[in-house]
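Worksheet: the structure to be examined is printed underneath.
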Amino acid sequence: MDKPTFYITTPIYYPSSNLHIGNAYCTVAADAMARYKRLRGYDVYFLTGTDEHGQKIQRRAEEAGVTPQAFVDNIVDGIQKLWKLMDISNDDFIRTSEPRHTRVVQKIFKQLYDQGDIYKGYYEGWYCTPCESFFTETQLKDGMCPDCGRPVERTREEAYFLRLSKYQDWLLDYIQTHPDFIQPVSRANEMINNFIKPGLEDLCVSRTSFSWGIPVDFDPGHVVYVWVDALTNYITALGWGSEDDSLYQKYWPADIHLVGKEIVRFHSIIWPIILHILGLPLPKQIFGHGWLLGVAGDKISKSRSNCVDPVRLCDRYGVDAIRYYLLREMPFGADGVFSNEALVNRINADLANDLGNLVHRTMAMIAKYFDGVLPAAAAVEPVDDALLSMAAQLPEKYAADMDAMHFSNALTSLWAFVSECNRYIDLTAPWVLAKDPAKRDRLGTVMYHLAEAIRICAVLLQPFMTTTPGKIFDQLQAGEAQRTWESVLRFGALEAGVKIIPSAALFPRLDLAEELAAMTGPVPETSAEAQAPADEAVPAKPEITYDDFAKLDLRLAKVLEAEDVKKSDKLIKLTLKVGEETRTVVSGIRGSYTAAEMVGKMVVLVYNLKPAKLRGIMSEGMILCAADAEHNLRLVTAEEGLPDGVQIS
Ligand code: ME8
């Protein structure tokens, strides 16, 4: 009989810079689910990938002086290496710049247009480049992007629109009659009350102001809006609309689209409507997980200083410890704080003490009392009851939590069993039994129970950890049949008489103070992180003398006028007053400031910079800004009280 299928996806990541631990969180969770379903006998298809188009990437590439394709190729390579390092078992990796994707997106766009669900009009509104999202005036928060709080740009351009409004009632009805469609339930309520019921506006689905996107093939100059491009990856990867759609036929509809909570909106509004218009079935579930927060309670993200590098963590603590921590520490639907301290404490308490000691003590006792040969179990005594009944109940409880993606609960149950095993050692006191030859059978029973319980733990750990279960199975000489889901449904799958092979501690204990010092200090030269391309790192420039510095003539200047430079999405032409003098400077600040916002600002001008022509305009100097890794700019200025023209030293 054919196995049941299970199709799970992660979001496809923006290769605008290296990934952080928050991105890894989502992928590790999807991987745990994929491994769990495989363990349960499903034919699993697990998809991840990269979302490579858009203005943000085009800008980053321009800044780096390379083509967008070369820019993303480099970062995608790092992402693929990270998933390999973290033992992510994806079956495919889709890149939205691949022809297998772009061809089909063009086809979908055309079909929606031919059906009348996409029409041409004018877009006028506010655009947030980092979020790749349009907002109406009322959606802005204090004039800024309501999602990320950064400046937005006023945009008016000819554009295509998708008729979301037409499908509003259908979508509302669908969500209300399919309670599992959006999970957790709180997110479904948020979609209904905050977005659908207030009214869906038609969505602008093409852009003309940049070129790094999938061209609308019947209207050159337009590229497809990144979210329409990105969302369709879930079916283009399966070959929908291509000559071979066998994967689509087999796996669609997806069982779970796993996404972060801030992008549930795109997945539960735009995506279902597109599928509905195309006449395709909807995914069974969109699960919105919470965020990993920094210790200050803010979302960990690439553009903030709280960015935590997964390569560095895996390098220092091992992949299994990191995967375990991510899924154990916080309930999956909710936000949770990532801290080095909590990580080290978990490694010490759960992995080194509870699990590591259990395995180590048991193996050492079998080696000592039975010369390493696993004894058979004899008669059961009342003191065994708690352990045996817990072993019998564990799989069902664990499965219920795993099926609901309550990873932390599943691990809590598993660790309650680990604790019960440790308690069992204390209760049965094998070292006392070992002194009495008449208790030899009893000692053998205790040892067998422990070894078997450890095997069950290793089987159930397989979705979470990728090397530790194998190490435990090897010590126990457990074969394939003793690693399966079915093998945990019956206590007693291990064969007595095998020679166990004790080995080194699974998880060495860590010194908290030492770890905190190491993780907040500089990256060691030997670490994988130090060797990885450090996209975010800002290399120090060579030392200069005071005389070198004194060559710079920096002056305060006031912005009198500002206007966008035509045919550029980055540049603003500024007219500056520098004392008695007026200067023209062309500045690449448009992603972060609008021309209107610039007027009246006091800026720092590099007064003696050699003039240069930019887009045909002679720029006489440059203004100073601070920039983060995402190239969000903030003007450098002086505190109030000084007139323009004064020199800065
Ligand atoms: O959103 N904690 O890509 P992305 C938990 N390209 N999850 C986090 C997180 C954090 N601190 N920071 C980010 C995109 N994420 C789109 C997806 S899908 C068709 C297109 C999660 O690289 C975030 O919630 O910005 C999202 O699910 C994923 O990382 C990718 O984010």
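The values are calculated or read from the model by the stated rules, or taken from the named source; none is laboratory data. In this text, all values refer to a predicted model and were calculated from it rather than measured experimentally. All Cβ positions, even for glycine, are placed from backbone atoms using ideal geometry, and neighbour counts span all protein chains on display. Note: areas computed on protein heavy atoms with side chains; ligands, DNA, RNA excluded. Shrake-Rupley method; radii C 1.70, N 1.55, O 1.52, S 1.80 Å.
Element breakdown for region 339-489 at a 1.4 angstrom probe: carbon and sulfur atoms account for 54% of the accessible area. A simple spin-label model places the labels of residue 439 and residue 546 8.2 nm from each other, with each point 7 Å out along Cα-to-Cβ. Our Cα-only numbers for region 583-627 put the radius of gyration and Dmax at 10.7, 27 Å.
Given their separation in residues at 0.36 nm each and the Cα-Cα distance between them, residue 346 and residue 141 gain 69.9 nm when the chain is fully extended. Taking θ as phi - 60° and the Karplus parameters 6.51, -1.76 and 1.60, the scalar couplings of region 551-567 work out to 5, 6, 10, 9, 9, 6, 9, 10, 7, 8, 9, 8, 8, 5, 7, 4, 6 Hz in sequence order, x denoting glycine and proline. The alpha-carbon positions of region 169-214 define a convex hull whose volume is 127 Å³ per residue. Taking 0.36 nm per residue of separation and subtracting the Cα-Cα distance, full extension of the segment from residue 610 to residue 169 would add 152.7 nm.
Shape analysis of region 339-489 based on the Cα gyration tensor places the equivalent ellipsoid semi-axes at 26, 17, 15 Å, largest first. Accessible surface area normalised per residue over region 422-524 is 46 Å², counting heavy atoms of protein chains with a 1.4 Å rolling probe. With coordinates expressed along the principal axes, the C-alpha atoms belonging to the chain extend over 105, 68, 40 Å, beginning with the largest. Relative contact order for the chain: 13 percent, from Cα pairs under 8 Å spaced at least 6 residues apart, divided by residue count. Taking θ as phi - 60° and the Karplus parameters 6.51, -1.76 and 1.60, the scalar couplings of region 235-244 work out to 10, 5, 5, 8, x, 4, x, 10, 5, 10 Hz in sequence order, x denoting glycine and proline. Straight-line cross-link reach from residue 439 at under 19 Å between alpha-carbon atoms covers these lysines, not counting any fewer than eight positions away in the same chain: 368. When restricted to Cα atoms, region 421-511 yields an Rg and a Dmax of 14.3, 43 Å, respectively. Sequence-ordered 3J(HN,Hα) estimates for region 350-361 from the Karplus curve with 6.51, -1.76 and 1.60 and θ = phi - 60° stand at 7, 8, 6, 6, 5, 6, x, 5, 4, 5, 4, 5 Hz, glycine and proline given as x. Accessible surface ranking for 1, 465, 1.4 angstrom probe, highest first: 1, 465.
Checking the Cα-Cα distances for 56/601; 141/299; 141/261; 197/284; 81/284 against a 24 Å cut-off, the pairs over it are 56/601; 81/284. Considering helices alone, the calculated mean residue ellipticity of the chain at 222 nm is -11000 deg cm²/dmol, with DSSP H runs of length four and up weighted by -39500 (n - 2.57) and normalised per residue. Near the amide H of residue 133, within less than 5 Å, lie the amide hydrogens of 128, all on another chain or at least 5 residues away, with H placed in the peptide plane.
Label point of residue 66 set 7 angstrom out along Cα-Cβ; within region 13-46, amide nitrogens under 19 Å from it belong to 13-20. Under 5 Å from the amide H of residue 159 lie the amide H atoms of 121, 122, 123, each residue being 5 or more positions distant or on a separate chain, with H modelled from the backbone and absent for Pro and chain starts. For residue 471, the lysines whose Cα falls under 19 Å of its own Cα, not counting residues fewer than eight places away in the same chain, are 499.
Computed on protein heavy atoms with a 1.4 Å probe, the accessible areas place 311, 604 in the order 311, 604, largest first. Of the whole protein surface, residue 157 contributes about 20 Å² of accessible area at a 1.4 Å probe radius.
Treat every Asp and Glu Cβ in the chain as -1 and every Lys and Arg Cβ as +1, leave all other atoms uncharged, and give the resulting dipole magnitude about the Cα centre to the nearest 20 debye.
Values: 67 positive and 86 negative charges, 56 e Å.
Here the chain has a charge dipole of around 280 debye.
Would any residue of region 97-125 have its amide N under 17 Å from a label point 7 Å out along Cα→Cβ of residue 208? List them or say none. Taking a point 7 Å out along Cα→Cβ of residue 208, the residues of region 97-125 whose backbone N falls under 17 Å are 119-125. Relative to the longest principal axis of the Cα atoms of the chain, helix 440-461 runs at roughly 20 degrees.
Which sequence of 244, 43 reflects their accessible areas, 1.4 Å probe, from the largest down? Provide the component values of the computation, followed by the final result.
Values: 244 95, 43 35 Å².
In descending accessible area the options line up as 244, 43.
The order of the peptides 230-241, 98-109 by mean Cβ neighbours within 10 Å, most packed first, is 230-241, 98-109.
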